[in-house]
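Here is the structure we will look at.
None of the figures in this text is laboratory data; all of them are computed from the coordinates on show. Computed from a predicted model, the values in this text were never measured in an experiment. No Cβ is skipped: glycine too gets one built from the backbone with ideal geometry, and neighbour counts run over all protein chains shown.
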Amino acid sequence: MKKIIAILVLSVFASCSSDDDVQELPKTEVTLSFSHNWNGFVVTDADFNLIQYFNANTDELSIEKLRYLISKVTFHKSNGETIETEGYNLVDVTNNTNLTFTPNVQIPVGTYSNVSFTFGFDNEDNIDAAYTDLNSESWGVPMMLGGGYHFMQLEGKFIDNVAAETGYAYHAIKAVDNSDPNNLIFQDTFFTVNLGQVIVRENAGIEVKMNIAEWFKNPNTWDLNARHSMLMPNFDAQVDMYENGQTVFSLGNVTP
């Protein structure tokens with residue numbers, strides 16, 4: 001009988017000791033940094049305003065403005081658990097601002113099967129005139145096109161088919177058919193970017209790479225002579241931008 005009691009007591013202590021030994025994983029800030037390239041050649045604001053790039057359609061072009069919005073950075077565990085952060089970041093390459101973004105929550109260190117973010121705003125967040133800072137950046141979309149916010153502004157000049165410099169404005173928004181102003185028809189064009197597996201260590205940094213050339217390339221070869229302006233109300237153009245955007249982003253260096 002004494003032996004049975006002793007075993008039970010030891011079991012209770014072992015159980016308590018095991019519970020006490022369980023510790024939460026340390027947490028850390030994670031900073032996303034955004035880099036840009038043209039088919040592998042680095043692009044910064046210092047490279048703007050020079051007609052020096054060729055798209056897949058062999059149009060020769062420059063970049064004069066590049067701004068885009070990302071939101072809902074999310075960390076995914078292999079067991080299905082997710083950590084979704086709040087906030088958004090307006091990356092502005094033109095003015096060399098917001099090229100890094102640190103979400104407002106600390107992330108437990110460890111291996112994540114995927115890190116994702118939303119390009120633009122989803123329908124829950126794309127609320128007209130809701131964000132004072134974006135309003136001050138002239139980032140809103142006119143109500144005749146449904147309101148809400150831009151997802152990207154990419155602008156520059158290209159050499160057109162009569163050898164003249166012509167401006168282009170490759171602006172991404174939620175696709176809208178406004179042929180009947182009283183009955184706007186929408187199609188979602190925000191999308192989720194999946195960067196893949198990331199190991200988060202203390203003070204982690206995650207590089208997000210944008211290949212700008214992909215916006216004009218895959219799967220829709222973009223002819224700037226045919227599509228260089230008035231693209232916001234062009235429903236088909238917005239859908240094609242959405243399709244081309246799927247291959248634009250990729251995972252770069254993860255530090256430390």
For the chain, with +1 on Lys and Arg beta carbons and -1 on Asp and Glu, the positive-most of N220, N39, Q238 along the dipole: N39
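Using helices alone, what [θ] at 222 nm do you get for the chain, with -39,500 (n - 2.57) per DSSP H run of 4 or more residues, divided over all residues and rounded to the nearest 500? Before the final figure, lay out the partial values.
On the way: 3 runs with 36 residues, N = 256.
Rounded to the nearest 500, it is -4500 deg cm²/dmol.
Grab the alpha carbons of the stretch 134-217, take their convex hull, and tell me the volume per residue in Å³. Could the numbers behind the result be given before it?
Numbers: hull volume 15.3 nm³, N = 84.
Value for the stretch 134-217: 183 Å³ per residue.
Give me the extension gain from N96 to N135: residue separation times 0.36 nm, minus the current Cα-Cα distance, reported in nm with one decimal. Working shown, then result.
Details: separation 39, 0.36 × 39 = 14.04 nm, distance 1.92 nm.
This chain segment gains 12.1 nm when fully extended.
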Looking only at trypsin sites (Lys or Arg not before Pro) in DSSP loops with at most 16 other Cβ atoms within 10 Å, what is the longest site-free stretch of the chain? 78-200
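Rg over Rh of the stretch 85-205, using C-alpha atoms and the Kirkwood radius, what does it come to? Before the final figure, lay out each step's value.
Working: Rg = 18.1 Å, Rh = 17.2 Å.
So for the stretch 85-205, dividing Rg by the Kirkwood Rh gives 1.05.
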Please compute P(r) over all alpha-carbon pairs of the chain, binned at 5 Å starting from zero, and give each bin as a whole-number percent. 1, 6, 11, 15, 15, 14, 11, 7, 5, 3, 2, 2, 2, 2, 2, 1, 1, 0, 0, 0, 0
Taking the Cα centre of the chain as origin, sum charge times position over the Cβ atoms of Lys and Arg (+1) and Asp and Glu (-1), and report the length of that vector in debye to the nearest 20. 880 debye
Rounded to a whole number, the Stokes-Einstein D of the stretch 68-145 in µm²/s (Kirkwood radius over Cα pairs; 37 °C; 0.692 mPa s) is 231 µm²/s
For the chain, what does the relative contact order come out to in percent, with C-alpha contacts under 8 Å and a separation of six or more? 23 percent
Calculate how steeply helix 235-245 sits against the longest principal axis of the alpha-carbon atoms of the chain, using the helix alpha-carbon long axis, and give the answer as 0 to 90 degrees to the nearest 10. 50 degrees
Report the one residue of Y149, I107, N123 whose Cα lies farthest in the direction of the positive end of the charge dipole of the stretch 36-175 (charges on C-beta: Lys and Arg +1, Asp and Glu -1; origin at the Cα centre). I107
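Please compute the contact order of the stretch 24-140 in relative form: average sequence separation of alpha-carbon pairs under 8 Å and at least six residues apart, divided by the residue count, as a percent. List each step's numbers first, then the result.
Details: 178 pairs, mean separation 33.7, N = 117.
This gives 29 percent for the stretch 24-140.
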Residues of the stretch 205-227 with amide N under 12 Å of the 7 Å Cα→Cβ point at N253: 205-208
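Past 31 Å, Cα to Cα: identify those pairs from K27/K217; K77/K217; K27/K209; K27/K174, in the order given. Don't skip to the answer; put the middle values down first.
Numbers: K27/K217 40 Å; K77/K217 33 Å; K27/K209 25 Å; K27/K174 36 Å.
Result: K27/K217; K77/K217; K27/K174 exceed 31 Å.
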Could you pull the Cα extents of the stretch 210-256 along its three principal axes, largest to smallest, in whole Å? 44, 17, 17
Helix 2-21 versus the longest principal axis of the chain: what is the Cα-based angle in degrees, 0 to 90, to the nearest 10? 30 degrees
